[in-house]
Amino acid sequence: MRDKITLGQFLSKRRKYMRLTQEELAEKVNVSKSAIAKWETDAGLPDRDNLLRLSKVMNVSLDELHRIIDNAEAEDIDFKINITPEVIAVLESYGYKVIRPGEER
């Protein structure tokens, strides 16, 4: 059985995986940097509107965030960002280079 993760731990790991600073995440969620720091240290929980914005920005379901908050057994948490072939095609059509798993940078 694996250890359960707190919402703060999840937010911190996910943010770092996304290579965002607390300030950058705060800007995307439209909150202060201190709010992000408070949530990441489990000193408080985001309200429902902020939780919704976090789920969208961090590309994780609201249900999964609620499971973590409820300290229920969360699904295997994948910190990778899933991008569908359709999204890859759109990005490439705009000139972005998409690096797929196993490809050299």
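The values are calculated or read from the model by the stated rules, or taken from the named source; none is laboratory data. Just so it is clear, the model here is predicted, and its values are computed rather than measured. Cβ atoms come from the backbone with ideal geometry, glycine included; neighbour counts cover every protein chain shown.
Can you pull out every residue in the stretch 34-53 that is of a type in the set (Ser, Thr, Tyr) and in a loop (DSSP other than H, G, I, E, B)? THR41 - this is the single residue of the stretch 34-53 that is of a type in the set (Ser, Thr, Tyr) and in a loop (DSSP other than H, G, I, E, B). Within the stretch 4-33, the set of residues being over 18 Å from LEU65 (Cβ atoms) and either outside any helix (DSSP H, G or I) or touching a Phe, Trp or Tyr at 6+ places or on another chain (Cβ under 7 Å) (or both) comprises ARG19, THR21, SER32. Surrounded by fewer than 16 Cβ atoms within 10 Å (Cβ to Cβ), modelled with pLDDT of 90 or more and not in a loop (DSSP other than H, G, I, E, B): is that true of LYS56 in this structure? It is true that LYS56 is surrounded by fewer than 16 Cβ atoms within 10 Å (Cβ to Cβ), modelled with pLDDT of 90 or more and not in a loop (DSSP other than H, G, I, E, B).
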